[in-house]
Each structure stands twice: as structure tokens, then as C-alpha cells.
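The next block holds one structure in the form of C-alpha cells; read it before the comments.
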Amino acid sequence: YGENLQPYILTVLNSDAKLQQAISEFNGLTHGSVKIGTFSSVCTSFIPDIVTSFSDSHPNIEIKIYQGTYEDVYDWIKTGVVDIGFLSESSCKDLTFQAIYEDELLVVTPKSYRPKHKHYIQMQELDGQPFISQRESTDADMKQLFQKYNLDIYSSCHVVDDLSQIAMVAAGLGICIMPQLVMQNIPYEVDTYPLKPSEHRTIGICAINTDLMAPAVKSMHRHILDFFDTKKP
């Protein structure tokens, strides 16, 4: 019974928090809290700068970070555990989605791998290759990519996190596809190649309804959009 009631209880609690924040804003105060859901590569690449820069101008707003898989972040947004969350376009489902970053997909191979072309790998070369994959709930982007090109992917390793996947590749157990963000500061000896044709995952910021955000959440939402606007060429 408690599990079934949880979304409704969280809605009531979040509504009260939004009311208190709105009252504070009317009184000229800038208090409140923001709960952000994120997946690992955004957490390590962007979240530290986003939180630091936001806190500099909003020192009285508390920020809480929840890291998980795409599925975790989606569920947290739907149940009110977090106010806003980072997701890829392929995993946002029915949530409001605002695209903020295009993350190039790369083929990750063992050092011993020799592609047909020196500087890139064609998509059809992946067909029938031994592949290190993540669980479906973790990696909706790859599932969508394989369906798009009708690739027959054989996989004997199904892992949960990015580093485990890359470690398997480094050991020569197969190849994988990773977003460029993930491949920053990787401690394993592997090679990376761009895909041809080029493919990307679209990262965005998601919420149930941007019009009903509490004042502190709206401020963070605007801050995130402005943060990524400065990164556009």
C-alpha cells in the first residue's frame, strides 16, 4: 500500500515545498532546494561546474544530486524524487524534453583491432561483431542505434556501468559504442574511432511540467539552459 501511495505523498510534499519557495520569493528571499537527477557521464562532465556556478549566485538554495541510469532518472522525475533530470532523447518518453548537448558516438576497440579504414569505422562493419553491451534499462541510445541500422549484434557480456564495459573491451572480449563524454580520462588502453555516418546522442533536461516548477527549480532550469548555450559554437 505504501509503495502505491508514494507518488501521491511525494506530490503533496513537493507542492508544499513549492508554496514555501513562492512565499519566500514574494518576500524578497532566495531560499529553497533543487533536486537533480543525472546519469554518470553528465555527472562527471558538467554537474560540478553547474552546481558551483549556480551556488555562487544562489548561496541559500540547497542542491541535491541523484545519480543513476536513464531508467532511474526517468522514474525519479515521474515520482517526484527529483525536480528536473538529465536524460537522452531516446529515454525521456513522455517527459518535457529540452535538448542541450549533442554527444558524438564513438566505436571503442581493443588496441589489437584493425578496422578496414584507418580513421573511422563504417556502421555496417559492426554487423556480427562481438559486442560488449549494457543492460537495456541502462543504454536506450544503443538499442535505438542498432534498430536504426538493422544491425545483428552478438553480445556475451551485459554490464551495468561504462567503465566495466570499456574494461571488457580493453581485455579483447569485444567492441562497444560509447558517447564521447564517457571517454574522457579513461584509465584503460583502448582505441576510439568515429562512426560513418556520424551518430550522436542528444542530451536534454527533463521535467514533468516546466510551467509548474518552484521558483528555485525554475532558477536552476534557466541556469542549466544558459550554461549549455555558452558551449554552443
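The values are calculated or read from the model by the stated rules, or taken from the named source; none is laboratory data. Because the structure is a prediction, the values reported are computed rather than measured. Neighbour counts are summed over all protein chains in view; Cβ atoms, including those assigned to glycine, are modelled from backbone coordinates with ideal geometry. What goes into the accessible areas is simple: the full protein's heavy atoms, side chains included, and nothing from ligands, DNA or RNA. Shrake-Rupley method; radii C 1.70, N 1.55, O 1.52, S 1.80 Å.
A few notes on this one:
- Within region 56-97, being open to solvent by 50 Å² or more (accessible area, probe 1.4 Å) and more than 29 Å from Leu145 (Cβ to Cβ) holds for Asp56, Ser57, Pro59, Asn60, Glu62, Lys64.
Every residue, every condition in (1) surrounded by 13 or more Cβ atoms within 10 Å (Cβ to Cβ); (2) closer than 17 Å to Glu104 by Cα; (3) out of contact with any strand residue (DSSP E or B) (no Cβ under 8 Å at 6 or more places or on another chain); (4) touching a residue at least 24 places away in the same chain (Cβ under 8 Å), yes or no:
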site: Met142; (1), (2), (3), (4): yes, yes, no, yes
site: Leu145; (1), (2), (3), (4): yes, yes, no, yes
site: Asn150; (1), (2), (3), (4): no, no, yes, no
site: Ser155; (1), (2), (3), (4): yes, no, no, yes
site: Asp162; (1), (2), (3), (4): yes, yes, no, yes
site: Ala167; (1), (2), (3), (4): yes, no, yes, no
site: Ala170; (1), (2), (3), (4): yes, no, no, yes
site: Leu173; (1), (2), (3), (4): yes, no, no, yes
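- Only a single criterion out of (1) within 16 Å of His200 (Cβ to Cβ); (2) open to solvent by less than 30 Å² (accessible area, probe 1.4 Å); (3) free of Cβ contacts under 8 Å to residues at least 60 places away in the same chain; (4) of a type in the set (D, E, K, R) is not satisfied by Glu125, namely (1).
- Selection status of Ser133, farther than 18 Å from Gly37 by Cβ, open to solvent by less than 30 Å² (accessible area, probe 1.4 Å), in contact with a His (Cβ under 9 Å, 6 or more places away or on another chain) and not charged (D, E, K, R): yes
- Scope region 175-222; condition open to solvent by 30 Å² or more (accessible area, probe 1.4 Å) and of a type in the set (S, T, N, Q); matching residues: Gln180, Gln184, Asn185, Thr192, Ser198, Asn209, Thr210
- Residue that is farthest from Val12 (Cα to Cα), among those in region 62-119 that are in contact with a Phe, Trp or Tyr (Cβ under 7 Å, 6 or more places away or on another chain) and in a helix (DSSP H, G or I): Glu89
- Qualifying residue in region 13-22 (condition: in contact with a Ser or Thr (Cβ under 9 Å, 6 or more places away or on another chain) and modelled with pLDDT under 95): yes
- In region 98-122, the residue that is surrounded by the fewest Cβ atoms within 10 Å (Cβ to Cβ) out of those that are more than 27 Å from Ile65 (Cβ to Cβ) and in contact with a Gly (Cβ under 8 Å, 6 or more places away or on another chain) is Ser112.
- A search for C-beta distances below 8 Å between a residue of region 105-121 that is touching a residue at least 60 places away in the same chain (Cβ under 8 Å) and any residue that is of a type in the set (Val, Ile, Thr) and in a loop (DSSP other than H, G, I, E, B), counting only pairs 6+ apart in sequence or on different chains, returns nothing.
- Filtering Val42, Val51 for residues that are open to solvent by less than 10 Å² (accessible area, probe 1.4 Å) and either at pLDDT 95 or above or polar (S, T, N, Q) (or both) leaves a single hit, Val42.
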